[in-house]
Amino acid sequence: MRLDFCAVCGCTENLTHHHWKPRVMGGGDEEENMLTLCWMHHCEIHGNLQAYIEGISLTELIRLGKEKVKLQKIEQNLGRKGSSENFVKINKDRKERAKKFSEKIVNLILKYKEDGKTHRQICQILNNDGYCTRTGEKFFPVHITRIIKYNRV
């Protein structure tokens, strides 16, 4: 339930809403799934009292949580918990495929670069001409930067 005070200590500052059933597990923002807590007690419930003591912001805590979930998903996809050797191999293979792809298009990009085009302009040209990234998406300036970086001699 949403309140104007922390349900544990009654304070009215730094209030957050705790989800009884997390959104990532199908929980919603309904009143019966919410509990108003101050930041300290929210950290305590999630076992992150140290974050409160060290002054880590909610944004940073969310970023760290997303990072942790991402690593857990990677481990699940690898089929074994803690199989870092497989992760290293998969990452190496991914980089190799990206390098091979970029070698195919780098000369075109360098030609546009020599003509004085910006990375954004190069993206527009490539996207308009029907080129797409290795994953089938449209180009963004960061892709151009990476392709040039991967193909430096």
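The values are calculated or read from the model by the stated rules, or taken from the named source; none is laboratory data. These numbers were taken from a predicted model, which means no experiment stands behind them. A quick note on method: Cβ atoms are made from the backbone with ideal geometry, for glycine too, and the neighbour counts reach across all protein chains shown.
Pick from T12, T36, T16: which is modelled with pLDDT of 80 or more, more than 26 Å from the chain's Cα centre (by Cα) and not in a loop (DSSP other than H, G, I, E, B)?
On the way: T12 fails: not in a loop (DSSP other than H, G, I, E, B); T16 fails: more than 26 Å from the chain's Cα centre (by Cα).
Criteria check complete, one pass: T36.
Scan the stretch 99-118 residue by residue and report those that are farther than 11 Å from I147 by Cβ and of a type outside the set (S, T, Y).
In the first step, residues of the stretch 99-118 are kept if they are farther than 11 Å from I147 by Cβ; the result is 100, 111-112, 114-118.
Of everything in the stretch 99-118, those that are farther than 11 Å from I147 by Cβ and of a type outside the set (S, T, Y) turn out to be K100, K111, E114, D115, G116, K117.
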The conditions are (1) under 22 Å from the mean Cα position of the chain (by Cα); (2) not in a helix (DSSP H, G or I), and R94 fails exactly one of them. Which is it?
(2)
Cβ pairs under 6 Å, 6+ apart or interchain, first in the stretch 137-151 and touching a residue at least 40 places away in the same chain (Cβ under 8 Å), second assigned to a helix (DSSP H, G or I) and surrounded by 14 or more Cβ atoms within 10 Å (Cβ to Cβ), ordered by first then second residue, are I147/S102; I147/V106; I147/I109; Y150/K99; Y150/S102; N151/S102; N151/V106
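Looking only at the stretch 108-153, which residues are part of a helix (DSSP H, G or I) and hydroxyl-bearing (S, T, Y)?
Y112, T145, Y150
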